[in-house]
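*Asks:* Below is a structure I'd like to ask you about.
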Amino acid sequence: MNFRYSYILILIIILNQNSFAQEKQLIITSGMQYEYAQKLFNEKDYETAMVEFKRLIHFFPDYEHKDQVEFNIGICLFNLKKYHDAARVFNEIIINGKENDFTKEACFFQSRAFMNLGNNGYAQIVLQNYLKLVEDRETKDRIYFNLAKIHLTEARNGKPDSLILAREYLSKISRSGANQYNSDQYLDLIIKVEDAPKKNPGAAGLFAIIPGGGFLYCERYHDALVTFLLNAGLIFAAYEAYDHDNKALAGVIGFVETGFYTGNIYGSISSAHKYNRAQTIKILNQDFSISSKFDLERKGYELSFNYKF
């Protein structure tokens with residue numbers, strides 16, 4: 001009799017344990033996992049969101065929106081400023097060759113990642129290759145606009161012909177695209193840069209025949225005064241040494257003066273280039289402010305554009 005009661009008691013305990021275990025079991029679906037990862041993304045917790053997106057792909061490899069998840073991982077890396085890893089993720093999306101919005105956006109974001117890495121050459125190649133594949137006018141306009149932005153960035157760095165190339169790409173944008181991207185104002189900006197006061201490097205070198213004259217021409221008045229006094233002092237010292245029949249000392253001072261005099265000419269030419277570059281940077285940096293983002297919910301690209309009049 002006692003054995004029967006003991007058996008029933010053990011059976012009840014086992015059944016209660018199974019019931020408790022079933023109550024604690026949580027089943028996570030692919031949709032729940034995506035919503036959680038997306039929530040983290042919207043909260044700008046990109047590190048954790050990336051982990052959760054990767055977990056979604058790991059546990060649900062056949063997830064119907066896998067393309068978007070892979071793209072989201074690239075965006076997380078981009079926002080974490082891990083541009084090299086982001087470019088690699090976007091490249092995998094591009095190589096897959098699926099014709100959807102995520103492949104298109106991957107091209108633009110990969111280009112931007114290369115720009116942030118300082119590799120404008122690769123940034124251009126990505127867009128130029130994509131340009132060969134697209135036919136719709138809207139996408140072409142966007143590519144032209146981004147290529148123009150790259151060349152304007154290079155113009156800030158003093159690269160020759162960048163403004164000319166930027167103008168060419170802006171002129172290729174359609175009328176509707178011109179209204180969307182305000183390309184006419186960009187063209188006005190380029191004209192403003194081209195019409196800005198500039199210094200002729202050749203003239204600066206010519207004026208430098210008189211020590212300090214080149215710096216004076218480039219409006220570097222302090223450098224002009226110091227250069228003039230230094231060179232004049234060395235020339236006078238060499239003359240005095242020679243006049244007192246100390247030819248060896250005169251030769252040494254003359255040799256040193258030759259270096260300073262040559263540096264005066266080189267520095268004047270360099271100053272003219274720096275002056276022109278500073279004028280370009282001043283106009284490009286102060287007149288325009290551009291930012292852009294991709295809306296993951298609406299799958300749309302937003303452009304924020306500010307122009308100072």
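The values are calculated or read from the model by the stated rules, or taken from the named source; none is laboratory data. All of these numbers come straight from a predicted model, not from anything done at the bench. Neighbour counts are summed over all protein chains in view; Cβ atoms, including those assigned to glycine, are modelled from backbone coordinates with ideal geometry. Accessible surface is based on the protein model in full, side chains and every heavy atom, while ligands, DNA and RNA are left aside. Shrake-Rupley method; radii C 1.70, N 1.55, O 1.52, S 1.80 Å.
*Asks:* Collect residues whose amide H, placed 1.01 Å from N in the peptide plane, falls under 5 Å from the amide H of ALA208; neighbours closer than 5 in sequence don't count.
*Replies:* Residues meeting the criterion, in which the H sits 1.01 Å from N, are GLY214.
*Asks:* Can you work out ³J(HN,Hα) from phi for every residue in region 164-172, in order, using Karplus 6.51 cos²θ - 1.76 cosθ + 1.60 and θ = phi - 60°, giving whole Hz and x for Gly and Pro?
*Replies:* Coupling constants for region 164-172: 5, 5, 4, 4, 4, 5, 5, 5, 7 Hz.
*Asks:* Name the residue from LEU225, VAL256, ILE269 whose Cα lies farthest towards the positive end of the charge dipole of region 214-277, charges +1 on Cβ of Lys and Arg and -1 on Cβ of Asp and Glu.
*Replies:* Among LEU225, VAL256, ILE269, the one farthest towards the positive end of the dipole of region 214-277 is ILE269.
*Asks:* Now, a different point. Computing the accessible area with a 1.4 Å probe over protein heavy atoms, can you report the carbon and sulfur percentage for region 130-235?
*Replies:* Whole-percent figure for carbon plus sulfur exposure: 59.
*Asks:* Sticking with this one: In terms of the Cα gyration tensor, with a ≥ b ≥ c the square roots of its eigenvalues, is region 41-109 rounded because a/c is under 1.5, prolate because a/b exceeds b/c, or oblate?
*Replies:* Oblate is the answer for region 41-109, as a/c is 1.5 or above yet b/c matches or exceeds a/b.
*Asks:* Follow-up question, since we're still on this one. Can you list the HN-Hα couplings for region 77-88, worked out from phi with the Karplus curve (6.51, -1.76, 1.60; θ = phi - 60°), rounded to whole Hz and with x for Gly and Pro?
*Replies:* 4, 5, 5, 7, 6, 8, 5, 5, 5, 5, 4, 5
*Asks:* Looking at the square roots a ≥ b ≥ c of the eigenvalues of the Cα gyration tensor of region 160-199, which shape do they give, rounded for a/c under 1.5, prolate if a/b is larger than b/c, or oblate?
*Replies:* Note, shape of region 160-199 comes out oblate.
*Asks:* OK, next. Grab the other residues whose beta carbon is less than 15 angstrom from that of PRO211, score K and R as +1, D and E as -1, and report the net.
*Replies:* Charge balance near PRO211 sits at -1.
*Asks:* Which order do you get for GLU43, GLU64, GLU138, GLU70 if you rank them by accessible area with a 1.4 Å probe, largest at the top?
*Replies:* From most exposed to least exposed: GLU64, GLU138, GLU43, GLU70.
*Asks:* What ranking, highest mean first, results for peptides 232-242, 179-189 when packing means the other Cβ atoms within 10 Å averaged over each residue?
*Replies:* The densest-packed peptide leads the list: 179-189, 232-242.
*Asks:* Another question about this same structure. Ignoring ligands, DNA and RNA, what accessible area per residue does region 137-267 give at 1.4 Å, in Å²?
*Replies:* 56 Å²
*Asks:* Also, I was wondering about something else. From largest accessible area down, sort ILE164, ILE143; use a 1.4 Å probe on the protein chains.
*Replies:* So, going from the largest accessible area down, we get ILE164, ILE143.
*Asks:* Then there is this: Check region 99-249 and count each lysine pair with an alpha-carbon distance under 15 angstrom, considering only pairs eight or more places apart or from different chains.
*Replies:* Qualifying lysine pairs in region 99-249: 8.
*Asks:* Something else now. Please turn the phi angles of region 40-46 into ³J(HN,Hα) values with the Karplus equation 6.51 cos²θ - 1.76 cosθ + 1.60 (θ = phi - 60°), one per residue in order, whole Hz, x for glycine and proline.
*Replies:* Each residue of region 40-46 in turn: 5, 4, 5, 7, 6, 8, 5 Hz.
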